[in-house]
Amino acid sequence: MGRRGDPEGENGFVTSESKTLDLRGNPDADLSEVVEHIRSGGVVAYPTETVYGLGGACTPEGVQAVRAMKRRPSAKPLIALVESAARVEGLTWTDPARELASIFWPGSVTLVLSDPEGLFPEGVRSTETGTVAVRVSPHPLVARLLAQLGGALTSTSLNAQGERPASSGSAAREILAKLSGPAAYLLDVGTLPPSGPSTVVDCTGSEPVVLREGTVPVGRLRCVLPGIS
């Protein structure tokens, strides 16, 4: 690890207020140090299929760290990125939810499912509805990170209040410098292709309901489930 003030240390890390792992020329770089940081309750900024996200482990400590940095209201739960549907079998899977996951995961569709067993902590699981919003990201770096982490990763867009989310590593660094909190790791893959947010579908009722139309339009969802509203 490079020392503070070094332009670049071992493994490509750059240290300042945050620590950057430059993956633009080394997509297969070792992530073990980042994983340990997350497991210890630390925060990581990372690319997704939409924008750069800010996340941590799905633990009370990890959730609190992310919410504190974003100043995110407690009534607004974080999304959880998971490795696969099999990793969250304890959630309540309706037949429509399974159908959507089988077609659109990995992808930009977030499913809201009931969490009756409390698999996820408060801040990911809604205290009002007992639900969790989950997604399997198609971004290969997220897949690697989740596989090594062996658990879910919280996700919220990386942006300061009232500003646009980061779509490049340089923008992510600038935003991290504005956010107060402990030092975070930044996984920099450069500029992401333009993309809208994920489409959010509530699958807790008898018929799924689209809460937010994003990259995947409602018309595509209706090709799978004609009754979706």
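The values are calculated or read from the model by the stated rules, or taken from the named source; none is laboratory data. Note that the coordinates shown come from a computational prediction; the quantities given were computed from them, not determined experimentally. Glycine gets a Cβ as well: all are built from the backbone with ideal geometry, and neighbour counts include every protein chain shown. Just the protein is used for accessible areas: all its heavy atoms, side chains included, with ligands, DNA and RNA removed. Shrake-Rupley method; radii C 1.70, N 1.55, O 1.52, S 1.80 Å.
When you restrict to C-alpha pairs under 8 Å that are six or more residues apart and normalise by the size of region 58-159, the relative contact order lands at 40 percent. Computed from Cα atoms alone, the Kirkwood hydrodynamic radius reported for region 133-196 is 13.3 Å. For the chain, DSSP calls about 60 percent of its internal beta bridges antiparallel. In percent, rounded to a whole number, the relative contact order of the chain is 26, using alpha-carbon pairs under 8 Å and six or more apart.
Ranking GLU128, GLU61 by solvent-accessible area of protein heavy atoms (1.4 Å probe, all protein chains present), from largest to smallest, gives GLU128, GLU61. Charged side chains reduced to their Cβ positions (Lys and Arg at +1, Asp and Glu at -1) give the chain a dipole of some 520 debye around its Cα centre. Seen from ARG222, the other residues with C-beta closer than 14 Å to its C-beta sum to a net charge of -2, counting Lys and Arg as +1 and Asp and Glu as -1. The charge dipole of region 85-188, taken about its Cα centre with unit charges on the Cβ of Lys, Arg, Asp and Glu (plus for the first two, minus for the last two), comes to roughly 360 debye. Of the listed residues LYS70, LYS178, LYS19, the order by accessible area with a 1.4 Å probe, largest first, is LYS178, LYS19, LYS70.
Ligands, DNA and RNA excluded, the heavy atoms of ASP22 present near 50 Å² of accessible surface to a 1.4 Å solvent probe. Restricting the calculation to alpha carbons of the chain gives Rg and Dmax of 17.4, 58 angstrom. Here the contact order of region 111-229, divided by its residue count and restricted to Cα pairs under 8 Å and six or more residues apart, works out to 19 percent.
Structural size metrics of region 70-175, computed from C-alpha coordinates, are Rg and Dmax of 14.5, 43 Å. Could you look at the chain and say what percent of its accessible area is carbon and sulfur, using a 1.4 Å probe and all protein chains? Answer for the chain is 49 percent, counting heavy atoms of protein chains only. Relative to the globular-protein estimate of 2.2 N^0.38 Å, the Cα radius of gyration of region 108-229 stands at 1.20. When the helix-only estimate is applied to the chain (DSSP H runs of n ≥ 4, each -39,500 (n - 2.57), divided by the residue count), what is the mean residue ellipticity at 222 nm, nearest 500 deg cm²/dmol? Here the helix-only value at 222 nm equals -7000 deg cm²/dmol. In the elastic network of the chain, a GNM with C-alpha springs shorter than 10 Å, the most mobile of VAL44, VAL209, VAL34 is VAL209. Ordering LEU78, VAL124, TRP105 by Cα displacement along the dipole of region 78-128 toward the positive end leaves TRP105 in first place; charges were set at the Cβ atoms of Lys, Arg (+1) and Asp, Glu (-1).
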